[in-house]
Every structure is written in structure tokens, then in C-alpha cells.
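Below: one structure, written as C-alpha cells.
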Amino acid sequence: MGLQGQTVRIMVSEPRGWDENLFGKILSDRGGKRLLVELTKPIKWNRLKSDLIALRPIYEKDTFKPLQQYYAVNVQGTLIGKDGEEIVLLLVAQVTLD
């Protein structure tokens, strides 16, 4: 089972006070080390706005393989700009298949 096309729930723990979960669809899975997710609602952060976020496991040796068994993975999320460049490290969260 590949992760591409799967929907995910992103439960934000940092920054504190983030009051809603994020949802999206996995566009690509880069070797279990990076997920590119298209969010259902764009994130607005200061003057930035994007519906793409890159997720990476927080711990170097972790991968996204546990998602296939419906376990959560601790991640850091980086907002992706229109040109595909990483803009800003935005959040720390747990991601699960939805």
C-alpha cells in the first residue's frame, strides 16, 4: 500500500494555541522521509498563504511506515510556496491516516 493519494489528519501541538486539525491529501511520499501534502484549506501565516505543506519525521531514524498500520508519526511541517520552495518551518504535529 503506497501513501500517495491517502488522506491525512494533522494534529498540531506547536505553536501552542493552534485550535484546529489540518486535513489533506498526500501528493508524494519521498522514500518514507518526506510527505508533500495538499491541504483542504490553505494556511495563512503572517503574509504567507499556501495549501502545500512538507512533513518530515521529527526524529532522524523515524519514517512514515507506521502510518500504514494506522499509527501516528511525530512530524515537523514546513509551508511550501508557489515555486515549490520551502518557506518557513511552521508547526510540530502528529499525522495519521484519516
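Some points to look at:
- Rg over Rh, two decimals, the chain (C-alpha only, Kirkwood Rh): 0.93
- Site pair Trp18 and Gln76 shows an inter-label distance of 1.3 nm when each label is modelled 7 Å from Cα along Cα→Cβ.
- Accessible-area composition of the stretch 1-87, carbon plus sulfur, in percent [1.4 Å probe]: 46
- Mean accessible surface per residue for the stretch 5-98, computed with a 1.4 Å probe while every protein chain stays in place, in Å²: 62
The values are calculated or read from the model by the stated rules, or taken from the named source; none is laboratory data. Note that the coordinates shown come from a computational prediction; the quantities given were computed from them, not determined experimentally. We place every Cβ from the backbone using ideal geometry, glycine too, and count neighbours over all the protein chains shown. The area values use the complete protein model at the heavy-atom level, side chains included, leaving out ligands, DNA and RNA. Shrake-Rupley method; radii C 1.70, N 1.55, O 1.52, S 1.80 Å.
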